[in-house]
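Bear in mind that the values in this text are calculations on the coordinates, not laboratory data. On a predicted model such as this, the values are computed, not experimentally measured, just so you know. Cβ: placed from backbone, ideal geometry, glycine included. Neighbour counts: every protein chain shown.
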Amino acid sequence: MFYLCSLLKRHTSFKFLMIRRLISKLLGTLILIWAVFTSPVMASPDQNPQSENENAPEQFDAGKMILEHIGDNHEWHFFDIKKSDGSEFHAVIYLPVIIYTSGKGFSSFSFRKLQNDETYDGFKLDEEGNITRTDGRNFYDISLTKNVIQLLLAALLMMFVFISVARSYKKIGTSKAPKGIQSVVEVIVIFIRDEVAKPMLGARANKMLPYLLTVFFFIWINNLIGLIPGAANVTGNIAVTATLALLTFILMMVGSKKDYWIHMIKQPGVPGWVLPMLVPIEFISNIIVKPFALMIRLFANMLAGHLIILSFMSIIFVFAAMSVAAGLGASLFSVAFSIFIYFLELLVAALQAYIFTILTALFIGETGVTADEHH
Amino acid sequence: MIHLLSILFLAIDGNAQMGAGIGAGLSAIGAGIGIGLIGNGALNSIARQPEAMGDIRTNMFITAALVEGVALFGIVVCVLVLFLK
């Protein structure tokens, strides 16, 4: 095929140009269709093929499968294979468990030591799969769970990309055209600087820009990695979004000016009897509700997306438990809808990152407004 | 004279699940109406001034994401009702 392309490239007449374009378009469409049709099949990679026997020892539990996929685990479970002799092959990575017990210090061990109801160092798993101590002491679990590992991987990816971009800027300078991945990153960074930071923050835009860019790329990259089958659901975890909202809250408070607080209490043009109602409402709505809404918006959007995709996948297996024909029919409808939801989730991944960033910039800009720049 | 619905509430023990289901449905109605209104405004504006289509589309997405966020508050509360005893 490459020989043919090189043959065609030698003749630059119009006919050959059109043929080359047609071939590349066709190839591109075929590759896209192939990619689209293979992706939902892997969406729930750890499903064992269902037997039609009602007395099968493992009934398909949709709720348990979904909770396992959207929650955080101490192991990274990829799939199970049921071999012909009845034994199962679990493709699992057991992650390190790091726990600080008050009075006994740190203990770290692989999660494998707690499998099969074993007790290790005073820890064991209870019925729901959570770690408990046998002697009832207080402990703090700071282990490297699935979400933590994915966070660190996303951070490494970001560091790799941005450090290489910064290095090429140092080498090439800003007067020549960018090359390679610089082109993509530069467009996005300038977009954030000119559309998000400068309109909302004004003079402080350059000071806040590192945080805004970090938050934008962090949320976007973690959203996208979470869509890959087998990855962890990081931004759909309320602890992660709570931390991001907390950082925004801290920046809001640290950058707040005295005029902002005075303006909240002394509102001109408002009748006096309204003030006892208005001031608490203003306080709560500006200081508490805004970061809280940031947290819930990102968390709920990501969680809902994963839930929908996983539910459509489990519909196939719930129907397959009834009969093979029902399973096949359900899989046609379910796969088509899952493809649509996957495309929607790609949009939502970028959109939620953008919304978080622009609202963060807006809130930080609001609290730092001085009396002379007032709207 | 006991109202029929109160018999239903007393006899069945799935009140939490029913409340969660109805709440989720109502949230979806709210999101649908809200985003429909946003789309209405956006389409009218594009029809009046087709050269502003890019700006209008951007603002439509942003506003839709904000409205959806509010609807998802309701969904999160319903999910909490289901999973917390």
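So here's what we get for this one:
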| read-out | value |
| --- | --- |
| Linear extension gain, residue A:308 paired with residue A:67, 0.36 nm per residue minus alpha-carbon span | 85.5 nm |
| Longest exposed-site-free window of chain A, the sites being trypsin sites (Lys or Arg not before Pro) in a DSSP loop that have at most 14 other C-beta atoms within 10 Å | A:267-375 |
| Extension gain (nm, one decimal) between residue A:273 and residue A:141, 0.36 nm per residue minus Cα-Cα | 42.4 nm |
| Pairwise Cα inverse-distance average, inverted: Kirkwood Rh of the stretch A:180-373 (Å) | 19.3 Å |
| Span-like helix ranges in chain A, DSSP H, alpha carbon extent 24 angstrom or more, Kyte mean at least -0.5 | A:14-38, A:146-172, A:205-227, A:290-320, A:324-367 |
| Taking B:27, A:311 and counting other C-beta atoms within 10 Å, the order from fewest to most | A:311, B:27 |
| Within chain A, longest stretch free of exposed GluC sites (Glu not before Pro) [DSSP loop, at most 14 other beta carbons within 10 Å] | A:129-375 |
| Stokes-Einstein D (µm²/s) once Rh is taken as the Kirkwood radius of chain B over alpha-carbon pairs, at 25 °C in 0.890 mPa s | 159 µm²/s |
| In nm, spacing of pseudo-spin labels at residue A:183 and residue A:124 (7 Å Cα→C-beta vector) | 6.2 nm |
| Rg ratio (alpha-carbon, reference 2.2 N^0.38 Å) - the stretch A:238-316 | 1.63 |
| Average other protein chain Cβ within 10 Å of Cβ, residues A:294-301 | 4 |
| Förster radius 25 Å - calculated FRET efficiency between residue B:83 and residue A:102, Cβ distance, rounded to 0.05 | 0.30 |
| Neighbouring partner chain Cβ atoms per residue of A:348-361, average, 10 Å criterion | 2 |
| Alpha carbon Rg of the protein assembly as shown, scaled by the compact-globule rule 2.2 N^0.38 Å | 1.20 |
| Full-extension gain in nm, residue A:167 to residue A:59, via 0.36 nm per residue minus C-alpha separation | 33.4 nm |
| The stretch A:180-284 - percent relative contact order, Cα under 8 Å, separation 6 or more | 12 percent |
| Two-site label geometry, residue A:153 and residue B:37: point separation in nm, points 7 Å out along Cα→Cβ | 4.3 nm |
| Of A:198/A:266; A:171/A:198; A:64/A:124, those spanning more than 32 Å from alpha-carbon to alpha-carbon | none |
| Alpha-carbon centroids, the stretch B:63-83 and the stretch A:80-101: separation in whole Å | 35 Å |
| FRET E, pair residue A:175, residue B:5, Förster distance 56 Å, beta-carbon r, rounded to 0.05 | 0.15 |
| Relative contact order %, chain A, counting alpha carbon pairs below 8 Å whose residues are six or more apart | 20 percent |
